[in-house]
Each structure stands twice: as C-alpha cells, then as structure tokens.
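Encoded as structure tokens, the structure appears first; notes follow it.
The values are calculated or read from the model by the stated rules, or taken from the named source; none is laboratory data. It should be emphasised that the depicted structure is a prediction, and the values quoted were computed from it without experimental measurement. Please note: Cβ atoms are built from the backbone with ideal geometry, for glycine as well, and neighbour counts cover all protein chains shown. All accessible areas refer to the heavy atoms of the entire protein, side chains included, with ligands and DNA or RNA removed. Shrake-Rupley method; radii C 1.70, N 1.55, O 1.52, S 1.80 Å.
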There are 2 protein chains.
Amino acid sequence: MRSENQAGRLPAPPSPIADDGDEAHFCRTCAFAGACQAVGYGKPELRELHCLVEHVGPFRSGEHVFRTGNPFRAIFAVRSGTVKTSMVDKEGREQVLGFYLPGEVIGLNAIYPEQFPCDAIALETSHFCRFSFPAMSALAARMPAVQSHLFRLLSKELGSASLLAGDHSADERMAAFLTDLGQRYATRGFSGTEFQLSMSRGDIANYLRLAAETVSRVLSRFRNQGLIQVEGRQLLIRDPAGLRHIGRSLLPD
Amino acid sequence: MRSENQAGRLPAPPSPIADDGDEAHFCRTCAFAGACQAVGYGKPELRELHCLVEHVGPFRSGEHVFRTGNPFRAIFAVRSGTVKTSMVDKEGREQVLGFYLPGEVIGLNAIYPEQFPCDAIALETSHFCRFSFPAMSALAARMPAVQSHLFRLLSKELGSASLLAGDHSADERMAAFLTDLGQRYATRGFSGTEFQLSMSRGDIANYLRLAAETVSRVLSRFRNQGLIQVEGRQLLIRDPAGLRHIGRSLLPD
DNA sequence: GCGCGCCCTTGATCCGGATCAAGAGGCGCG
DNA sequence: CGCGCCTCTTGATCCGGATCAAGGGCGCGC
C-alpha cells in the first residue's frame, strides 16, 4: 500500500485540498458551506455548527475511515484526499459504491440502518471533518437551514445513485465517469480538465461494473481518438464536449 | 391502457390496500406509522401530522401522479395500488427506477432538485396520501421524531438504490426482485408468497436492466424448477428459501 | 362474432464485454 | 542491483443476454 502522497513522474497539479477555513468563514468548498451561508456568517448558529465538527486524520492510503457494521454516530466531510466506499457481498466480492472528493460527504446511507452499511477506504492520504450526527440532528431541529441542507444532501445522493444503474455501454459509462469527476473537481474550485485519478483501474472498473481490462481498453481508445491524454493516473481531458456527448445519456442536463 | 382493477381469470387474493386508519390510529401500514407511534397516539402532534395530509386519487392505470419537471411541493405515500417511477433519457429511452407498494413513499428524490426528476405512473387504480413538504419540514423542526423519520426514509432509499447497481446474472436479479417484492408485501401485512405482479414483463425487464424476453425465460425456468408458480401476473412463490438463495448476493442479510 | 393490438412466450442468431493469457513497466525491499 | 509484486496494457477466445423473428392467448372495440 504505497503512499499516493508523493508526486508521480509528471509535474502534478496542486493537490486538491478543501479550504481550511476559520471560525469566521468555515470551509468554503465544504458541503455544508451552503447551510452556513444561509444563516449568514458570524451568527451564533454558525459557531454551533463549527463547534460540533471534529477534524480527523490523516488516514493513509488503504486505511479505513469506517467499516461495515460500525455503529453510526457521525457523518464525514472529505477535507483533503479521496475515499472510496464499498460493500463486500456474501460471496466476498467487493462492490465499489462511490468515490468522494474534497468537500463531499460520506456516511449518509448509515442513518437508516444505524450502522455503516459499507466500508470507507482512503485512496490517498486524507483528512476529514467529523460531524456528530446526534448533535447535527439537534442543531437541525433548531436551524431550518441545516435541516433542509441535510435533506438536500440526502436527496442529491439519491439522484446520483440511480445514474450508474442503467444499462449503458462501456464507452458511455467511462465518458460519463470522467466528465462527472471533472465537474465535481470544478465545482470545488479545482481544474475540471486536468487531475489525478486517485483510484486504480480496478476500482474504476468495479465502480462502473466493467472488467479492469475493459477500462484499460476504453481509455486507450479515448486517447487514440484525441478525447483525453492519460499517463498512468494523470489525466487531461482534451475534448470535454466530446466526452460529455458520449456519456450524455447518463449525465444530468 | 386497460384497467388493472378488475380481477383476472384466477380468483385474485384481496387487493392490497393500506389500512385507511382514522384520527386516532392513522394508517397502520403507512410509512409514517413509525413517526406517529414514536410520539404516541392522541397527542396534539399526531393531529398536526394528520392535518397536513391530503388524500388524492383515484389515479387509473397509466395516469401520472407527477411528471418530470413538475415543481416539488409534496411527497406521496401510496395508500392503495402500485406506482412505477421512471426517467426518460435524452434518447427517449425509458428507465424504470422503482415500484412502490401501499405504505411506501415516492418523491423523496425531488427534494434536492426542487422538481420531480422522474415520472410517477400508476400501474393500477391507486390512491395516495399527499404530504405538503414545506409543512412537513416545519413540523419536522418541531418534532424530532418526524425529522429523524424523514432522515431514515431518505437513507433507506439510498440503501436500496445501490442494490440493483451491481453486475449480477439475470437469475440473481429476478430472484432478488421477487423475494424483495414478497418481503415488502409481507412487511405491510399482505401475503409475501402469493400476489399479483402489477407491472408488465417489460417494466420488470426495464427495471432489472434485462430484455423482456429474458424476464420471460427466467420466469419459465424458475417455474420448471418448481421455485414459483406463475400464470400471467399471478405469482406464487413455492420455494421462498430457494429463491432467496439464488438472489442472496443482492439481498440484505 | 370477428379482427386487431398488446402482452407474453419461445426459438435462432449475434455481439459486447468478461475471461483467459501473456507481457511490460514501476516501485519497494532485501 | 536484482527480485518479486502489483498495476496496467494488449491480444485471443468465450459466453450471457440482447436482438431478431415468429406465434399464441386474451381483451376490447366495431
């Protein structure tokens, strides 16, 4: 399990790290930024939200943030690094459920079963904000903005979960995956066209329900078609519109 | 679009209809029963929850409960009948997202986008309870039980959405589908082994990401193996354990 | 009653992606 | 430095399920 922290051969772009924030501004790129803005900076409620946060990490590549069956006590926002969530089915096969970038939230699917239904594994050295869920719920009851923000986070994840469900070709899946990743990086203020794939081909394949060989082949084909430039895990999207068009049936709008 | 309401050739079992309830008891099989029980019957809060409900229907087979793009104002609990939710992608292909039985809730994935991201279409004559979402949110802020119930509903749906995502054989999907349907009927107090499939083979196929022909073939095979008895849309599960075993990799526990 | 359309079933063929196989490149470690 | 492991790539073959095709049953409207 080598550390992904060191730069690779190529000059790596600055590592995506969510803005650290401070008492007054909190993390600007954080998934809860909206909730904070809604109540206005400096209000006592923001201080309360800020207080129930605990910074945890670093987790090195391969380390678990939580494990299947752990009692559910908190949700986590990614501060830096990348995480994958995955389930292991009864036959011992891993199922990658998703990848989470700085500013995104993991653990929401643990609310109902009251224990984590999946593992969360760091793909590179990562840091998190830990939000105690009981405290968060109590705060939500007093702050409508926080409550509706939680509802929206949950509902949003519902929407994205149904995306990878359809029956689509390997090309469509791959194109949509890369486009989506780029968009999410862009949303958080990083480059949406040039970034590191922090997960292995095997993880991508598993997530997209393809074989690792197929992922490799599709990436090669995209490279030959001039859609992307890819060397190891370093990716450059040369034709974002073309890529988006291939994956259009899986992508919103 | 013929009405599914009339009984078929076979003597149909009593049509699943969620208990109508009254001011004191509300719908016992309803998805919100838990929230009501949590605060105790007869309390003023229950009256409030009961008050924000509006009964709507009947919707005949093929009619829309809501359409993609409709502004989101309310969620719906199925009171009687069955609904499918589906999206139509940019190529005009339909994607069935789910089937909802009496007592289950539709519309949760509309919270984030603030408009319905899918269509909801009655598969047989159906009735609903309509919960105004703004009113529900306001109530949730005052009643922790309602709030946590909403969180749990959302989180639960997150869990089930990731089920059909994996790459599984047609047999596994079909077995898991039938087992799941049976379980859900059983949870609501109906027979879990004998019921009507209220959706067409085409809808099942679309939902499971299979061809309609494959669904037909798998059902025939299951019948020949003595796992089920099926005549048209009337289904009897003869070997629940066997069926569950085939679909085990998709099923919880 | 008769014909038409829809849903369902079953058979034949085809194809995308899985699987099997082999080899290359990089990295950590002894 | 050399070895072994792991990841990635590329080629060859295979298979499950899609697609194409045909036919039956039933409900409904004329």
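Structure notes:
- Residues (surrounded by 16 or more Cβ atoms within 10 Å (Cβ to Cβ) and of a type in the set (A, V, I, L, M)) located in segment A:232-252: A:Leu235, A:Ile237, A:Leu243, A:Ile246, A:Leu250, A:Leu251
- For B:Thr125: the one exception among (1) touching a Lys or Arg at 6+ places or on another chain (Cβ under 9 Å); (2) open to solvent by 40 Å² or more (accessible area, probe 1.4 Å); (3) among the β-branched types (Val, Ile, Thr): (2)
- For segment B:189-198, the set of residues classified as assigned to a loop (DSSP other than H, G, I, E, B) and in contact with a helix residue (DSSP H, G or I) (Cβ under 8 Å, 6 or more places away or on another chain) consists of B:Ser191, B:Gly192, B:Thr193, B:Leu197, listed by residue number.
- Those residues of segment B:132-156 which are of a type in the set (D, E, K, R) and more than 14 Å from A:Arg152 (Cα to Cα), in sequence order: B:Arg142, B:Lys156
- Positions within segment B:210-231 being open to solvent by 40 Å² or more (accessible area, probe 1.4 Å), more than 11 Å from DNA strand C (Cβ to nearest atom) and either touching a Gly at 6+ places or on another chain (Cβ under 8 Å) or away from chain A (no Cβ under 14 Å) (or both), in sequence order: B:Gln225, B:Gln229
- In segment A:142-158, the residues that are facing another protein chain (nearest Cβ under 8 Å), open to solvent by less than 30 Å² (accessible area, probe 1.4 Å) and of a type in the set (Gly, Ala, Ser): A:Ser155
- Condition check for B:Ala120: under 23 Å from B:Val65 (Cβ atoms), crowded, with 21+ Cβ neighbours inside 10 Å, within 11 Å of another protein chain (Cβ to nearest Cβ) and small (Gly, Ala, Ser): no
- Qualifying residue in segment B:82-104 (condition: farther than 24 Å from A:Asp167 by Cβ, surrounded by fewer than 21 Cβ atoms within 10 Å (Cβ to Cβ) and without any contact (Cβ under 8 Å) to a residue 24 or more places away in the chain): no
- In segment B:169-186 there is at least one residue that is within 11 Å of DNA strand D (Cβ to nearest atom), within 14 Å of chain A (Cβ to nearest Cβ) and free of Cβ contacts under 8 Å to residues at least 12 places away in the same chain.
- Test: residue in segment A:107-114 that is more than 20 Å from B:Ser155 (Cβ to Cβ), modelled with pLDDT of 90 or more and not assigned by TED's automatic domain parsing to the domain that holds A:Ala176: no
- In segment B:232-253, the residues that are part of a loop (DSSP other than H, G, I, E, B) and either among the β-branched types (Val, Ile, Thr) or more than 14 Å from chain A (Cβ to nearest Cβ) (or both): B:Gly232, B:Arg233, B:Arg238, B:Asp239
- Every residue from segment A:200-226 that is assigned to a loop (DSSP other than H, G, I, E, B) and within 14 Å of DNA strand D (Cβ to nearest atom): A:Ser200, A:Arg209, A:Leu210, A:Ala211, A:Gln225
- Any hit, segment A:197-207, residues being open to solvent by 40 Å² or more (accessible area, probe 1.4 Å) and near DNA strand C (Cβ under 10 Å from one of its atoms): no
- Within the span defined as segment B:229-237, every residue fails to be closer than 30 Å to A:Glu157 by Cα and not assigned by TED's automatic domain parsing to the domain that holds B:Glu63.
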